[in-house]
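Data first, discussion second: the structure below is written as structure tokens.
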Amino acid sequence: MKEADRKSVRLEILRAADAESEQWLQHIDYPVSDDGENVASALKRINSGCFTDTDGRSVEPVGFECSCLQKKCGACAMVINGTPRLACDARLSEFVKSGTVRIEPLKKFPLVRDLIVDRGAVFERLSELRIWLEGQGRADSRIKDDVYDASRCLQCGCCLEVCPNFSTAVSFGGMSTAMAMSRIIPMVSGEQRKELYSTYRKAVFEGCGKSLACRSICPAGIDIERQLVRSNAAAVWKRRLRPAKKK
Amino acid sequence: MERAIIIGAGLAGLSSAIQLAEAGRPSLLISRQQSERAQSVLAEGGINAALDTMGEGDSASQHYEDTLRGGAYLADPNAVAGLVRHAPEIVRSLSELGVPFNLTADEDIMLRPFGGQKKRRTAYAQSSTGKMIMTALIDRARSFEGSGLIKRLPHHELLRLLISGSRCVGVRVRDVFSGRLADISGSVIMCCGGMNGVFPGMTTGTTANTGDAAAALFSQGVRFAGLEMLQYHPTTIGIPGKRCLITEAARGEGGRLWIKKKNGQRWYFMEEKYPELGNLMPRDVVSREMYFVRRQQDTEGEVLLDMTELGKEVWGSRLSDMREEIKSFTGLDPAETPIEVHEGIHYFMGGIHTDEKHRTSLSGLYAAGECACQYHGANRLGGNSMLGAIYGGRVAAAALMSDQPEVGEEQPIRFSLRNDEDPLSQESRGDFEQALCRVLLGGLGIVRSGELINAALEGLDELEKRGLSPREKNKLRLGRAMLLSALERRESRGAHFREDFPETDDSQHSTVTAQIIGGEITLGRFEIPVRRAEPEHERS
Ligand SMILES: Cc1cc2nc3c(=O)[nH]c(=O)nc-3n(C[C@H](O)[C@H](O)[C@H](O)COP(=O)(O)OP(=O)(O)OC[C@H]3O[C@@H](n4cnc5c(N)ncnc54)[C@H](O)[C@@H]3O)c2cc1C
Ligand code: SF4
Ligand code: SF4
Ligand code: FES
């Protein structure tokens, strides 16, 4: 545990003043003072202190989003050493050995500045596809645990970043759309069922290559494969699956 | 149609927007971040309603009693009567929106015990009740986005209210992505959450509730109340950048608090001092005891929460998420090692002063959720704040509609101003915020005294001498009002404990209010309303 004490890591932060400006890398030798420190808390510390980069320039506040700092809101998703993940879940002690942490914004979304991107398209998609429960639904004990798991989606966009088929320009919504649908698929009834099933086939099933590149990336740890199998069974194969085994 | 403006898209904001939309009224839902990022998703434990599904003979009137007693009788009894009466219907309606509540053997909503309540009354969805309710309400709100009744402006923050005469006529907002500003007209419902940003790093909530909105309103003359009432949760752990809550369930399941004596012995101080309830005494009592035992000459180090004796099945089925969370943040396994815990600020009972219908001191302005001073008096019961946010959001929306049955023409929104055209655009500096927090905590800790509060007020005078930006000045002013409110309450009540006035004083059974009048912070006293014989608190 104490191994990380008094160590430092080199942060390589991809910066840009705005969407039009060219991106550039800023290198900061960052002293890791506490072994629980993570990328989000380091960025916060940089923004409230006097840090200089390796070229001796003082570091202007780095734009990034965060909120809960405990892996529950999805705000701080970014690309860290090539992998999309939550900055508040990326402990610096992980990187002390290799020595560098490359911090970049998600690339599938329009850049706002520094590490901030506009993920608005993810939310707009849900509205355009009319993903909501018309009338009433009830998560009874047969489906409760699956509804719970799907409802945990943070809409963070990490899965979309690694998905070979998703972009904001195509109609395929990716796994974040699939999770919002998987929540309500077991509860819809009447006319809405037909409509939602058909939307699911078009916006999820037909576009998904089922490579499951997204499976291990989900920071919420949602059992994506199980959700897909269930929603496919209902909306595509017209079958209902048995409830999950109690964890 | 002119849209109602809602600032904040957590539980209170969503609830207001949905209530308006269900009545066919359009709203503009403005928030710094998407709803998925709001603090409401962090709520774990549950939401209270006297559903009586556990066959204990619970009733709304017992919920009423517990809430008023918990709040040390500072809450508005008529407002609380409405809250508890509507609670069962609210929780049932959430269930019908697909919230996966834990269920009893006969498929009814399961209830768990929670601090300060005599009956099992807290509905929950495993360990993520807030997230589950938010997902369902976001879904519901989305259906009205589809029909255009709800329009969202995410990544926008409130800079200031637009006030004409003594009426709120709209807001100035800033797009935090583009830095452009717009003035938007309409009546306003504030749902901007707790004032976490006044105490950066010291609260269990989100860092994104900066408190700037509250500070701006206070500086514009809106009346606040109960600012001295901060709830400290006894069991929080320091994680980078904030305090992380360890749920009360940890003690409910058998976790014990102890501190090391200098002679090497473990002192189970709660069990020794309170043989009946021990570690499960109310939050304020546990927090205060922790403070006192740490300061004793014969103890050393921090208080430890010891869960090493909990059985396997408890870890497996009921506290597994918590164990993982503690492990991932501290590197320690609570099943094997006692964990250092410390008090952390968990809830703001005070805020924008509202009447029973959530009207504020300014006409055209309403407030609901944690930013409003309503329902919780001097201390909030666990499980009552989500309820208060949802119910309060509905009541505020209903009041707005009854005050303004006619709606005007909708104006297009024009982002015609730049960042540098309003000095409030400039965000506070981190070093100022840290300094302000340190000073305030000196006077607003768990144990307070006139001397400590006055020292903190002097600290603010010093801080004020630095060149402060307008936003920083607002925040400092709000902090000063908190200290002055704490100084004004010369008694101990609920979450407010004064070492120099340790008893509750019946002559101070009133709410302390704070408002800027003629440029000065002016304190007042607001009498607690008398309960009406036939409470009338209908929504429509
Ligand atoms: C760890 C934790 C556990 C909890 N557990 C429970 C529980 O079990 N039961 C319970 O009842 N309560 C619980 N609470 C309390 C409860 O979660 C909150 O009180 C409640 O969710 C507040 O809802 P809200 O809508 O008022 O505010 P929030 O959910 O905080 O939403 C505030 C909104 O305002 C926006 N905003 C803030 N400032 C601005 C600005 N300047 N301009 C524009 N928008 C702005 C934010 O972006 C956000 O959308 C818990 C709290 C925490 C921190
Ligand atoms: S399975 Fe493959 S194609 Fe489908 S959402 Fe996941 S990454 Fe994308
Ligand atoms: S499925 Fe997982 S990775 Fe994808 S948006 Fe939801 S939480 Fe993020
Ligand atoms: S800040 Fe909420 S997930 Fe990282």
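Structure notes:
- Search result, residues across the stretch B:345-370 that are within 13 Å of the chain's Cα centre (by Cα) and not aliphatic (A, V, I, L, M): B:H346, B:Y347, B:F348, B:G350, B:G351, B:G369, B:E370
- When we screen A:L111, A:L160, A:L196 for residues that are more than 9 Å from every other protein chain (Cβ to nearest Cβ), open to solvent by less than 10 Å² (accessible area, probe 1.4 Å), away from ligand 3 (no atom under 16 Å from the Cβ) and touching a residue at least 40 places away in the same chain (Cβ under 8 Å), the only hit is A:L196.
For (1) under 23 Å from the mean Cα position of the chain (by Cα); (2) among the basic types (K, R); (3) surrounded by fewer than 19 Cβ atoms within 10 Å (Cβ to Cβ), each residue gets a yes or a no:
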| site | (1), (2), (3) |
| --- | --- |
| B:A79 | yes, no, no |
| B:P100 | no, no, no |
| B:D106 | no, no, yes |
| B:F114 | yes, no, no |
| B:T122 | yes, no, no |
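- Search result, residues across the stretch A:69-78 that are within 13 Å of ligand 3 (Cβ to nearest atom) and more than 14 Å from A:A42 (Cβ to Cβ): A:K71, A:K72, A:C73, A:G74, A:A75, A:A77
- Identity of the residue in the stretch A:61-83, in contact with a Ser or Thr (Cβ under 9 Å, 6 or more places away or on another chain) and more than 9 Å from chain B (Cβ to nearest Cβ), that ends up farthest from B:R323 (Cα to Cα): A:N81
- Per-region count, the stretch A:208-222, residues within 13 Å of ligand 2 (Cβ to nearest atom) and open to solvent by 20 Å² or more (accessible area, probe 1.4 Å): 10
- Considering residues of the stretch B:150-164 that are over 23 Å from the mean Cα position of the chain (by Cα) and away from chain A (no Cβ under 12 Å) only, the residue nearest to B:D422 (Cα to Cα): B:L162
Quick grid of which residues meet (1) within 16 Å of ligand 3 (Cβ to nearest atom); (2) under 21 Å from A:K71 (Cα atoms); (3) open to solvent by 10 Å² or more (accessible area, probe 1.4 Å):
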site: B:V173; (1), (2), (3): no, no, no
site: B:R180; (1), (2), (3): no, no, yes
site: B:G186; (1), (2), (3): no, no, no
site: B:C192; (1), (2), (3): no, no, yes
site: B:N209; (1), (2), (3): no, yes, yes
site: B:R223; (1), (2), (3): no, no, yes
site: B:E228; (1), (2), (3): no, no, no
site: B:Y232; (1), (2), (3): no, no, yes
site: B:L245; (1), (2), (3): no, yes, yes
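- B:A182 fulfils the conditions (1) more than 9 Å from ligand 1 (Cβ to nearest atom); (2) out of contact with any strand residue (DSSP E or B) (no Cβ under 8 Å at 6 or more places or on another chain); (3) closer than 30 Å to A:A19 by Cα except for a single criterion, (2).
- In the stretch A:42-52, of all residues being open to solvent by less than 60 Å² (accessible area, probe 1.4 Å) and either within 16 Å of ligand 2 (Cβ to nearest atom) or under 19 Å from A:R10 (Cβ atoms) (or both), the one that is farthest from the other protein chains (Cβ to nearest Cβ) corresponds to A:F51.
- Matching option when the condition is touching a Lys or Arg at 6+ places or on another chain (Cβ under 6 Å), in contact (Cβ under 8 Å) with a residue 24 or more places away in the chain and in a loop (DSSP other than H, G, I, E, B), among A:D35, A:D18: A:D18
- Restricting the stretch B:15-42 to residues that are in a helix (DSSP H, G or I) and away from chain A (no Cβ under 11 Å), the residue that is farthest from ligand 4 (Cβ to nearest atom): B:E22
- Lone qualifier among A:A178, A:A233 - being away from chain B (no Cβ under 14 Å), open to solvent by less than 10 Å² (accessible area, probe 1.4 Å) and more than 16 Å from ligand 3 (Cβ to nearest atom): A:A233
- Qualifying residue in the stretch B:29-38 (condition: small (G, A, S) and surrounded by fewer than 22 Cβ atoms within 10 Å (Cβ to Cβ)): no
- Unmet criterion (only one of (1) closer than 27 Å to B:G193 by Cα; (2) exposed (fewer than 15 other Cβ atoms within 10 Å of the Cβ); (3) touching a strand residue (DSSP E or B) at 6+ places or on another chain (Cβ under 9 Å)) for A:S21: (1)
- The condition of being without any contact (Cβ under 8 Å) to a residue 60 or more places away in the chain, open to solvent by 10 Å² or more (accessible area, probe 1.4 Å), assigned to a strand (DSSP E or B) and away from ligand 4 (no atom under 16 Å from the Cβ) holds for only one of A:D55, A:D29, that being A:D29.
- Odd one out for B:P502 among (1) modelled with pLDDT of 95 or more; (2) surrounded by 12 or more Cβ atoms within 10 Å (Cβ to Cβ): (2)
- Among residues of the stretch B:400-434 being under 23 Å from B:D183 (Cβ atoms) and part of a helix (DSSP H, G or I), the one that is nearest to the other protein chains (Cβ to nearest Cβ) is B:N419.
- If the condition is being without any contact (Cβ under 8 Å) to a residue 40 or more places away in the chain and acidic (D, E), then the stretch A:114-146 contributes A:D118, A:E124, A:E128, A:D140.
- Scanning the stretch B:319-328 for residues that are buried (at least 17 other Cβ atoms within 10 Å of the Cβ), within 12 Å of chain A (Cβ to nearest Cβ) and among the charged types (D, E, K, R) yields one hit, B:E325.
- Test for A:K210: is it more than 14 Å from chain B (Cβ to nearest Cβ), away from ligand 3 (no atom under 12 Å from the Cβ), out of contact with any strand residue (DSSP E or B) (no Cβ under 7 Å at 6 or more places or on another chain) and in a helix (DSSP H, G or I): no
- Residue within the stretch B:134-153 that is in contact with a Gly (Cβ under 8 Å, 6 or more places away or on another chain), surrounded by fewer than 23 Cβ atoms within 10 Å (Cβ to Cβ) and of a type outside the set (D, E, K, R) present: yes
- On inspection, A:L86 qualifies as of a type in the set (A, V, I, L, M, F, W, C), within 9 Å of ligand 4 (Cβ to nearest atom) and either away from chain B (no Cβ under 14 Å) or open to solvent by less than 10 Å² (accessible area, probe 1.4 Å) (or both).
The values are calculated or read from the model by the stated rules, or taken from the named source; none is laboratory data. All values derive from a computational prediction rather than experimental measurement. Using ideal geometry, Cβ is built from the backbone for each residue, glycine included, and neighbour counts are taken over all protein chains shown. Accessible surface areas use protein heavy atoms only, side chains included; no ligands, DNA or RNA. Shrake-Rupley method; radii C 1.70, N 1.55, O 1.52, S 1.80 Å.
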